[in-house]
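What follows is a set of notes on a single structure, which appears directly below.
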Amino acid sequence: MIKLYDTKQRRKVDFIPREEGKVSMYVCGPTVYNRIHLGNARTFISFDMIRRYFEWRGYNVTFVQNVTDVDDKIIAKASEEGRSAADVAKEYTEAFIADMHAAGVAAPTIRPKATEEIDAMIALVQKLIDKGHAYAKEGDVYFDVRSDAHYGSLSGRNIDEMEAGHRELRADGKGVEDRKRDPLDFALWKAAKPGEPSWESPWGLGRPGWHIECSAMSEKYLGLPIDIHGGGADLIFPHHENECAQSECAYDGAFSRYWMHSGMLQINSEKMSKSLGNFLLLHQVLEEARPLALRMLMLQTHYRSPLDFSMERIDEANSALSRIETALENMAWLCKNAQTDAPSALDEKDIEAVVEQTREDFTSAMDDDFNAPAALGCIFTLVGHMNTTLAGKTLSDKDAVCTKHASNLIKELLGVLGMKIEDKTSASYPEETISLAADMADYTGENTNEALSALIEARTSAKAAKDWAKADAIRDGLIELGFIIEDTPQGAKVTYAG
Ligand code: AMP
Ligand code: ZN
């Protein structure tokens, strides 16, 4: 049974989906006026991990993520740069999709855009007016917060103690507050200002408020109540509180069965945000760090805890990842060089038991509110066990079978966390391997993998012919290119350290 921390109930609860075997999830997407920063990426990577785990546990997941492509910030950027808001939104929507792909975040099942869902939003606003939860004023429409007896229940706020989330100013400088009946009321629909993108509505030309899009799209694409609504913890209030109020007042039922929020990514203990200017863009960080190292770093902290980011921590995460990769390469090499007639060197039962235990421990860690740090710990324990067990061994065919079970499990579990370890291919060896092989091994092809094999063979022949100078020259050349060479009873073992 998967347990998750539900923000609304403020405790860990059993996850019971509305429909057996299926999960409907909605995670608020970005406002597309800039490349996303690492803080945004943390939230999206967290929910990617959560989604992948549900899938691994056999659930059929429908994952909806919107793109907010009409908003004050997009309009401001467009006017600064003298182009249309649609143009700005298009550029950064495409960049967002590319950034997510680069970070190994799976695409959502459905990615609706606010500007393409205006009809659904207008219908929802009208419904709220008809039911007495909203009112139109001079082309704007506001949600009447006092009409919702449960307002504040998600964020745990008392309506009487609340301040208005933010003050917006009208283009003419007049406070929007005096159009609201209550300062806490929020805009469902905003009257158009000159030059802004706008749509026809029963209240005149205008555009939707921010919160209404998620209510409309959740209902349209998933049906209510959805299973899980997610986002960063900074969205709990006002965004999610307002989404919840709109949907529950319109449909007289629960909006989301569970609410999940990821903790903030921080720099020097301060939230990373565009407004504070302390942000690193995801694509810039990925120019310096491998996506897998970034994900390792993100998942080493529980998704709900704050995470302090630094480039040093990425280096540490990269080293941790390399430990796993080296162990996997070692296992692959030992299995490839297993000898049919060798005596058994391993306690097969012990390895199979450790493999099974790892699967169980990983599952219990992840079942416990997606405890990825503990789940990673299980993987590292297995890696350590295999390193110790395999040290200095020559494997029999039977030993190779259980060693493969262990390495396959390590790869499978990392895959569940969104870390797919690629088998080393020729593409990952340096091009110079080819010229070295041409010089030292008469190699004439273009493939770095073949070139490496030719070099290893040439070195073995040189040693057999007692041509030590040539054997050493090949070894030195390979070391120069980043290869590590170990001579073992089964021949030279060459790994690439990059
Ligand atoms: P925005 O484009 O600002 O609406 O943010 C998109 C997503 O990123 C939301 O789910 C936010 O909660 C999340 N987010 C923004 N800043 C951070 C941060 N520093 N750490 C984690 N998540 C964040
Ligand atoms: Zn939302």
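All of the numbers you see were taken from the coordinates with simple rules; none came from a lab. Keep in mind it's a predicted model, so treat the numbers as computed, not measured. Positions of Cβ are generated from backbone atoms using ideal geometry, with glycine treated the same way; all protein chains shown enter the neighbour counts.
Can you list the equivalent-ellipsoid semi-axes of the range 221-367, largest first and in whole Å, using the square root of 5 times each Cα gyration tensor eigenvalue?
On the way: eigenvalues 358, 125, 28 Å².
Values for the range 221-367, descending: 42, 25, 12 Å.
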- line: The Rg/Rh figure for the range 16-287, Cα atoms and Kirkwood Rh, to two decimals is 0.95
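Once the convex hull of the C-alpha atoms of the range 1-153 is built, how many Å³ does it hold per residue, rounded to a whole number?
For the range 1-153, the hull spanned by Cα atoms encloses 160 Å³ per residue.
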task: Show which aspartates and glutamates lie in cross-link reach of Lys393 when reach means a straight Cα distance below 18 angstrom and same-chain residues fewer than eight apart are skipped.
output: Glu329, Asp341, Asp347, Glu348, Asp350, Glu352, Glu486, Asp487
query: Residue by residue, what Karplus-based ³J(HN,Hα) values in Hz, rounded to whole numbers, does the range 325-331 have, using 6.51, -1.76 and 1.60 with θ = phi - 60° and x for Gly and Pro?
result: 4, 4, 4, 5, 5, 4, 5
query: Residues with amide H under 5 Å of Val23's amide H, sequence separation 5 or more or different chain, H placed in the peptide plane at 1.01 Å from N; which?
result: Asn60, Val61, Thr62
- prompt: How far apart, in nm, are two points set 7 Å out from the Cα along the Cα-to-Cβ line at Glu412 and at Asp487?
  reply: 4.0
query: Which pairs in the list Lys127/Lys274; Lys131/Lys180; Lys349/Lys493 are over 24 Å apart, alpha-carbon to alpha-carbon?
result: Lys127/Lys274; Lys349/Lys493
- prompt: Semi-axes of the range 385-498's equivalent ellipsoid from the Cα gyration tensor, sqrt of 5 times each eigenvalue, largest first, rounded to whole Å?
  reply: 30, 19, 11
- line: So the angle from the long Cα axis of helix 468-480 to the longest Cα principal axis of the chain, reported in degrees to the nearest 10, equals 10
task: Just need log10 I(q)/I(0) for the range 378-418 at q = 0.15, 0.27, 0.31, 0.35 Å⁻¹, Debye formula, equal scatterers on the alpha-carbon atoms, no solvent, rounded to two decimals.
output: -0.38, -0.96, -1.09, -1.18
Spin-label model distance (nm) - Asp350 vs Arg290, 7 Å beyond Cα toward Cβ: 3.0
message: I'd like the antiparallel share, as a percent to the nearest 5, of DSSP beta bridges with both residues in the chain.
response: 55
Between the range 194-254 and the range 1-57, the Cα center-to-center distance that results, in Å: 18
query: For the range 311-416, what is one quarter of the convex hull surface built on the Cα atoms, given in nm²?
result: 6.9
query: When the Karplus curve 6.51 cos²θ - 1.76 cosθ + 1.60 is applied with θ = phi - 60°, which whole-Hz ³J(HN,Hα) does each residue of the range 368-384 get, with x for Gly and Pro?
result: 8, 6, 6, 7, 4, x, 5, 5, 5, x, 5, 5, 5, 4, 5, 4, x
Relative contact order [Cα under 8 Å, 6+ residues apart], the chain, whole percent: 14
field: Span per principal axis, largest first, for the Cα atoms of the chain (Å)
entry: 94, 52, 37
- prompt: How high is the FRET efficiency from Arg10 to His405, r the C-beta distance, R0 45 Å, rounded to 0.05?
  reply: 0.60
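Relative contact order for the range 370-498: what is it in percent, counting Cα pairs under 8 Å that are at least 6 residues apart?
Details: 96 pairs, mean separation 18.8, N = 129.
It rounds to 15 percent for the range 370-498.
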query: At Ser319 and Ala438, where each label point lies 7 Å from the Cα along Cα→Cβ, what is the point-to-point distance in nanometres?
result: 3.9
field: Listed pairs Lys190/Lys220; Lys220/Lys420; Lys77/Lys193 exceeding 25 Å between Cα atoms
entry: Lys220/Lys420
task: Kindly write out, for the range 49-61 in residue order, the coupling ³J(HN,Hα) from the Karplus curve 6.51 cos²θ - 1.76 cosθ + 1.60 (θ = phi - 60°), rounded to whole Hz, with x marking Gly and Pro.
output: 5, 5, 4, 4, 5, 4, 5, 5, 7, x, 7, 8, 9
- line: The alpha-carbon center of the range 415-490 and that of the range 77-95 are separated, in whole Å, by 49
